[in-house]
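Worksheet: the structure to be examined is printed underneath.
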Amino acid sequence: MTAAVIGLGLIGGSVAKAIKQGTNHTLYGFDINDSVVRKAKLVGAIDDELTDDRLKNCDFVIIATYPQICINYVKSKAELFSKNCIVMDCCGVKTAVCNELFPLSKEKGFVYVGGHPMAGREYSGFDNSRKNLFNEASLILTPAPGTPDQIIERIKDFWQPLGFSNFEVTTPERHDQIIAYTSQLAHVASSAYIKNPTATVHAGFSAGSYKDMTRVARLNENMWTELFLENADFLETELDIYIEHLQEYARALKNRDEAELKRLLKEGRERKELADKGEERI
């Protein structure tokens, strides 16, 4: 099989390294930075640079870029994809991308399926990519309505050797609604938390809780700004709910209300236990 990865940053670089480790596919790569492509070839993450002639022969094309760059790339190369090619993106939002690419793929005759690997690190770039980043991870798929089951099976067969152990098939809208809570809200909360003045004097007074809360504050502001704005409606809703809950804790503290504070904390613990049971079912 012949595949291509466009965008050799953290996710794209990790996809490339996982493909070369776990499969015998021929793999081409492209990045806006030529030096990244040269490094990827040097370390064996790709076989060679992607060209238009090579793109025509690809069975899988994985696009790991910002959403608008992904849309622009697919539109510019739509005539080159073969009829048997499956084009997938790895963007953190799906509705904005799928609304553009579902009709385009239908018009041009190639297969497009939205994808979102649920894995990452707080560091970006090819140098931080890892061949084992997706071990035991989940891959969310958002196919167009009417996509044949055999296409989904082809996709699973392609991604499973890269380390993925779970595949979720859903709509772009449901993806964006849930990801606003599980990913985007967490990044907002972490970014806001680290702005407290105490963060500059925490040395010697912090352990796991601090590290857990602040890890994703080391984000790529350009990418996350685009993701937040593309999913603003769902993220606003989740942020409003979160603020309401924070205000409940604030009122209990201001009132020195021991019973209410204990109730809130108990409720939080029980919600966590319930959420953990849901993860076990997955």
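The values are calculated or read from the model by the stated rules, or taken from the named source; none is laboratory data. Note that this is a predicted model, so its numbers are computed, not measured. Cβ atoms come from the backbone with ideal geometry, glycine included; neighbour counts cover every protein chain shown. Each accessible area value is taken on the protein alone, full model and side chains, heavy atoms only, with ligands, DNA and RNA left out. Shrake-Rupley method; radii C 1.70, N 1.55, O 1.52, S 1.80 Å.
Of the residues in segment 39-55, how many are among the aliphatic types (A, V, I, L, M) and touching a Lys or Arg at 6+ places or on another chain (Cβ under 7 Å)?
Initially, segment 39-55 is screened for residues among the aliphatic types (A, V, I, L, M), giving 40, 42-43, 45-46, 50, 55.
Cutting the leftovers down to touching a Lys or Arg at 6+ places or on another chain (Cβ under 7 Å) gives us 45, 55.
Total satisfying the criteria: 2.
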State whether one or more residues within segment 274-282 are assigned to a loop (DSSP other than H, G, I, E, B) and closer than 19 Å to Q177 by Cβ.
-> yes
Being more than 28 Å from K41 (Cβ to Cβ), among the acidic types (D, E) and modelled with pLDDT of 95 or more, is that true of even one residue in segment 86-97?
-> no
Go over the candidates R251, R218, R263 one by one and state the one that is surrounded by 12 or more Cβ atoms within 10 Å (Cβ to Cβ) and modelled with pLDDT under 95.
-> R218
Being under 15 Å from the mean Cα position of the chain (by Cα), under 25 Å from L229 (Cα atoms) and in contact (Cβ under 8 Å) with a residue 24 or more places away in the chain, is that true of even one residue in segment 146-168?
-> yes
Might you let me know whether segment 35-47 holds any residue that is at positive phi and touching a helix residue (DSSP H, G or I) at 6+ places or on another chain (Cβ under 8 Å)?
-> yes
Single unsatisfied condition, T182 versus (1) more than 22 Å from L235 (Cβ to Cβ); (2) of a type in the set (S, T, Y); (3) loosely packed, with under 15 Cβ neighbours inside 10 Å = (1)
Tell me which residues, restricted to segment 129-138, are in contact (Cβ under 8 Å) with a residue 60 or more places away in the chain and open to solvent by 40 Å² or more (accessible area, probe 1.4 Å).
-> R130, K131, N132
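Just give me the residues in segment 135-175 being acidic (D, E) and outside any strand (DSSP E or B), in sequence order. Write out each step before concluding.
Filtering segment 135-175 down to residues acidic (D, E) leaves 136, 149, 153, 157, 168, 173.
Of everything in segment 135-175, those that are acidic (D, E) and outside any strand (DSSP E or B) turn out to be E136, D149, E153, D157, E173.
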Qualifying positions in segment 87-118 - open to solvent by less than 30 Å² (accessible area, probe 1.4 Å) and among the hydrophobic types (A, V, I, L, M, F, W, C) = V87, M88, C90, C91, V93, A96, V97, C98, L101, L104, F110, V113
Condition check for L274: within 30 Å of E136 (Cα to Cα) and surrounded by 11 or more Cβ atoms within 10 Å (Cβ to Cβ) | no
Kindly indicate the residue of segment 139-179 that is hydrophobic (A, V, I, L, M, F, W, C) and closer than 18 Å to D233 by Cβ and also surrounded by the most Cβ atoms within 10 Å (Cβ to Cβ) among those meeting that condition.
-> I179
If we ask which residues in segment 189-213 are open to solvent by less than 50 Å² (accessible area, probe 1.4 Å) and in contact with a helix residue (DSSP H, G or I) (Cβ under 6 Å, 6 or more places away or on another chain), their number turns out to be 2
